[in-house]
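> Quick one: this structure, given as structure tokens, is what I'll be asking you about.
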Amino acid sequence: MNQAYKNCQSCGMPLKRDEKGGGTNADGTRSTMYCSHCYQNGQFVLPDISVNEMQARVREKIVEFGMPGFLAGIFTRKIPKLARWQKS
């Protein structure tokens, strides 16, 4: 059941845009679920972040890259539906 995702299941970033090619699992293999910004060595980089905090963080990054704020809002709207946030 190792499904390959198009987007990070924590922040929503397209995995093909990850400069490191994805996060890493505890055994050193590449994660097919999470990006390198969210997941390293089998653990979340920010384990205690809330879904709302993640949305705000991603929105800031998108605006930082020069995208209009309203588009950042559209891109972050789906974050609560991603796999990481379904457990809580």
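The values are calculated or read from the model by the stated rules, or taken from the named source; none is laboratory data. All values reported here derive from a predicted model rather than from experimental measurement. Note that each Cβ is placed from the backbone with ideal geometry, even for glycine, and that neighbours are counted across all protein chains shown.
To keep it simple, each residue is scored yes or no on (1) in contact with a Phe, Trp or Tyr (Cβ under 7 Å, 6 or more places away or on another chain); (2) part of a loop (DSSP other than H, G, I, E, B); (3) at pLDDT below 95.
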site	(1), (2), (3)
N2	no, yes, yes
Y5	no, yes, yes
Q9	yes, yes, no
Y34	no, yes, no
L46	no, yes, no
R57	no, no, no
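> Give me the pairs: first residue in the range 1-20 and loosely packed, with under 10 Cβ neighbours inside 10 Å, second residue part of a loop (DSSP other than H, G, I, E, B), beta-carbon distance under 6 Å, and six or more apart or on different chains, which are they?
A4/T32
> What are the pairs with Cβ atoms under 7 angstrom where one residue, in the range 59-88, is more than 16 Å from K6 (Cα to Cα) and the other, located anywhere, is loosely packed, with under 12 Cβ neighbours inside 10 Å? Sequence gap at least six, or different chains.
V63/G69
> In the range 38-53, what count of residues is obtained for those that are in contact with a Pro (Cβ under 9 Å, 6 or more places away or on another chain) and either aliphatic (A, V, I, L, M) or over 25 Å from G69 (Cβ atoms) (or both)?
Going through the range 38-53 one residue at a time, the tally reaches 1.
> Go through the range 59-82 and count every residue that is assigned to a helix (DSSP H, G or I), out of contact with any Phe, Trp or Tyr (no Cβ under 8 Å at 6 or more places or on another chain) and not charged (D, E, K, R).
Count: 10.
> Okay, moving on. Determine which single condition N52 fails, assuming it passes every other condition in (1) of a type outside the set (F, W, Y); (2) more than 13 Å from W85 (Cβ to Cβ); (3) surrounded by fewer than 14 Cβ atoms within 10 Å (Cβ to Cβ).
(2)
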